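Throughout, read-outs are computed from the coordinates displayed, never taken from laboratory work. Please read all numbers here as calculations on a predicted model, not as lab measurements. Virtual Cβ from ideal backbone geometry, glycine too; neighbours counted across all protein chains shown.
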Amino acid sequence: MKIPIYQVDAFANHIFKGNPAAVCPLNSWLPDETLQQIASENNLSETAFFVMEKAGYHIRWFTPKAEVDLCGHATLASAYVLFRFLNYEDSVIIFKSKSGPLSVCTDGELITLNFPETPIVPCAAPEEIVTAFGDALVEVWKTDDYMVVLNSEKKLVDLVPDSNLLAKLDCRGIAVTAKGVNVDFVSRFFAPRHGIDEDPVTGSSHCYLTPYWSNQLNKNQLTAKQLSKRSGDLKCERIIEHGVPRILISGKAALYLRGEINVSG
């Protein structure tokens, strides 16, 4: 069985920046074990699979170790593939997902994700976080991830956290953030428990980073940068849609490779 595969750098103006995601369009779902094996073989932070349905597309995301409920950069990459290579003619795509319906629209080169806002609550700092981030630590918040607020962008840039220590935390990952110097806010994201020591650009974390900084800065439209080695640029906006808070996350993408993989079965 041959499956098409695209590798796309998401939240990037050109290749070798942003966050690489593998995208595999399918005619029908393969066994979960096979999907996980493909993601492990790709060894990227995320591999997205999608299948066409009557009302749009059903999308799923896998890290090298596990399926996740939401992934921003691989959704943006999937939309990029549909818009640019699979003759999708509308300007809006509806993805069915474990996190509910996700709409993605395009305007020129810019692709915008419409994601649910993620509720997050303040919490006491676990010992591992205190040890990892020390005197730069300002606040800690909790959802499926921990969100750690630091007192400066420089402290964020200089971080060299212990992945073995962070892997002990019972969470998907740890988003570390600070007020930006040239943008509204900056962040980094670590998920060693899922085989990702540092994620280059994490769209889903901006579903709680955006409302936090929206409240801190008293503005709904924000510029953001993820300060990984590859780095990534995002535009974020907090909106109310049908009485429900939503987060718009916008960025560009670039194609790195296009090919096919061989799967027995």
TODO: Could you list, in sequence order, all residues of the stretch 1-57 that are within 18 Å of PHE85 (Cα to Cα), without any contact (Cβ under 8 Å) to a residue 40 or more places away in the chain and surrounded by fewer than 18 Cβ atoms within 10 Å (Cβ to Cβ)?
DONE: LEU26, ASN27, VAL51, MET52
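Going through the stretch 130-141 one residue at a time, which ones are surrounded by fewer than 17 Cβ atoms within 10 Å (Cβ to Cβ), outside any helix (DSSP H, G or I) and not acidic (Asp, Glu)?
Scanning the stretch 130-141 gives a single hit, VAL138.
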Open item on the list: Tell me the residue from ASP107, ASP90 that is of a type in the set (Asp, Glu) and either touching a Cys at 6+ places or on another chain (Cβ under 6 Å) or free of Cβ contacts under 8 Å to residues at least 12 places away in the same chain (or both), please.
Closed with: ASP90
Open item on the list: Can you tell me how many residues within the stretch 107-129 are surrounded by 14 or more Cβ atoms within 10 Å (Cβ to Cβ), not in a loop (DSSP other than H, G, I, E, B) and not polar (S, T, N, Q)?
Closed with: 6
Task: Unique match (being of a type outside the set (Lys, Arg) and either buried (at least 21 other Cβ atoms within 10 Å of the Cβ) or within 20 Å of the chain's Cα centre (by Cα) (or both)) among SER205, SER264 - done: SER205
Task: The lone exception for ASN164 - which of (1) in a helix (DSSP H, G or I); (2) touching a helix residue (DSSP H, G or I) at 6+ places or on another chain (Cβ under 6 Å) it fails - done: (2)
